[in-house]
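Below is one structure, written out as structure tokens; comments come after it.
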Amino acid sequence: MAQVTLKVAERKLDSKGTLRALRRERKIPAVLYGKNIENKYLAVDEMEFLKAIKGHGESVLMDLILGNEKHTVIIKEIQRDLLNNVINHIDFYKVSMTDKVEVDVPILLKGEPEGVKMGGVLQHQLDELTIEALPQDIPEHIEVDISHLKIGDVLTVKEIILSDKITVLDDPEEIVVAVLAPAVEEEEGAGAAEGEPEVIAKGKEKKQEE
């Protein structure tokens with residue numbers, strides 16, 4: 001996992017006025033919490049934060065510089081306003097480099113499945129894995145090669161090979177991706193078959209009239 005540095009400032013507890021003022025200054029409200037530390041309420045410069053995670057994503061180890069203090073953290077949650085494309089809040093979790101932590105790591109698919117080349121449809125069912133590891137052993141993403149998958153094949157959690165320093169907490173049988181068979185179009189002759197009973201019925205009516 002990459003490690004970056006980010007300067008932050010302490011802020012007062014939330015109020016509507018305080019939050020509006022922060023947003024006018026392009027600052028993001030945040031909280032720092034963890035074992036053996038009191039919650040600290042922070043203000044994070046939006047541009048500096050985006051610069052820090054650029055190229056790494058949310059799976060990054062951070063040294064938060066708060067005055068004379070330094071806190072090593074992971075990003076536990078980012079709350080976003082998708083409509084306005086802004087970050088509303090960040091949760092930072094203080095970690096110890098000697099204690100394992102539980103995090104979600106994105107799955108990055110590599111290659112085009114053989115089955116897709118033959119007309120199959122790729123179904124991506126699991127976007128991330130929940131793992132437990134020491135902070136320095138947490139990967140930024142988990143790369144999975146799916147180029148060998150044929151139509152009808154599935155890839156499950158247990159088939160993803162990771163370092164023995166990492167424990168996967170998801171169900172081993174959970175499907176990550178599947179290659180489905182292409183949809184079969186209805187045969188043209190089906191319509192004609194459906195019309196046959198109607199022809200027979202008309203014939204019966206004619207015979208009765210005679």
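The values are calculated or read from the model by the stated rules, or taken from the named source; none is laboratory data. Note that the structure is predicted; figures quoted are calculated from it, not measured. For neighbour counting, all protein chains shown are included, and Cβ atoms are generated from backbone atoms with ideal geometry for every residue, glycine included. These area figures cover heavy atoms from the full protein model, side chains too; ligands, DNA and RNA do not enter into them. Shrake-Rupley method; radii C 1.70, N 1.55, O 1.52, S 1.80 Å.
Points worth noting:
- Odd one out for residue 62 among (1) surrounded by fewer than 16 Cβ atoms within 10 Å (Cβ to Cβ); (2) in a strand (DSSP E or B); (3) not basic (Lys, Arg): (1)
- Across the range 1-41, the number of residues qualifying as among the charged types (D, E, K, R), under 17 Å from residue 94 (Cβ atoms) and either at pLDDT below 90 or surrounded by 15 or more Cβ atoms within 10 Å (Cβ to Cβ) (or both) comes to 2.
- Counting only residues that are under 26 Å from residue 177 (Cα atoms) and either free of Cβ contacts under 8 Å to residues at least 40 places away in the same chain or not polar (S, T, N, Q) (or both), the range 56-77 holds 6 of them.
- Failed item, numbered, when residue 71 is tested on (1) closer than 13 Å to residue 5 by Cα; (2) not in a strand (DSSP E or B): (2)
- Qualifying residue in the range 158-172 (condition: of a type outside the set (S, T, N, Q), surrounded by fewer than 17 Cβ atoms within 10 Å (Cβ to Cβ) and part of a strand (DSSP E or B)): no
- Considering residues of the range 97-124 that are farther than 15 Å from residue 178 by Cα and charged (D, E, K, R) only, the residue surrounded by the fewest Cβ atoms within 10 Å (Cβ to Cβ): 99
- Hey, residue 60 in contact with a helix residue (DSSP H, G or I) (Cβ under 7 Å, 6 or more places away or on another chain) and under 26 Å from residue 145 (Cβ atoms) or not: yes
- Enumeration of residues in the range 125-153 that are closer than 23 Å to residue 95 by Cβ and either open to solvent by 70 Å² or more (accessible area, probe 1.4 Å) or in a loop (DSSP other than H, G, I, E, B) (or both): 128, 134, 136, 138, 139, 140, 141
- The residues of the range 5-49 that are farther than 22 Å from residue 69 by Cβ and either within 29 Å of the chain's Cα centre (by Cα) or among the polar types (S, T, N, Q) (or both), listed by number, are 15, 19, 23, 26, 47.
- Tally, over the range 42-56, of residues that are surrounded by 15 or more Cβ atoms within 10 Å (Cβ to Cβ), out of contact with any helix residue (DSSP H, G or I) (no Cβ under 7 Å at 6 or more places or on another chain) and not in a helix (DSSP H, G or I): 4
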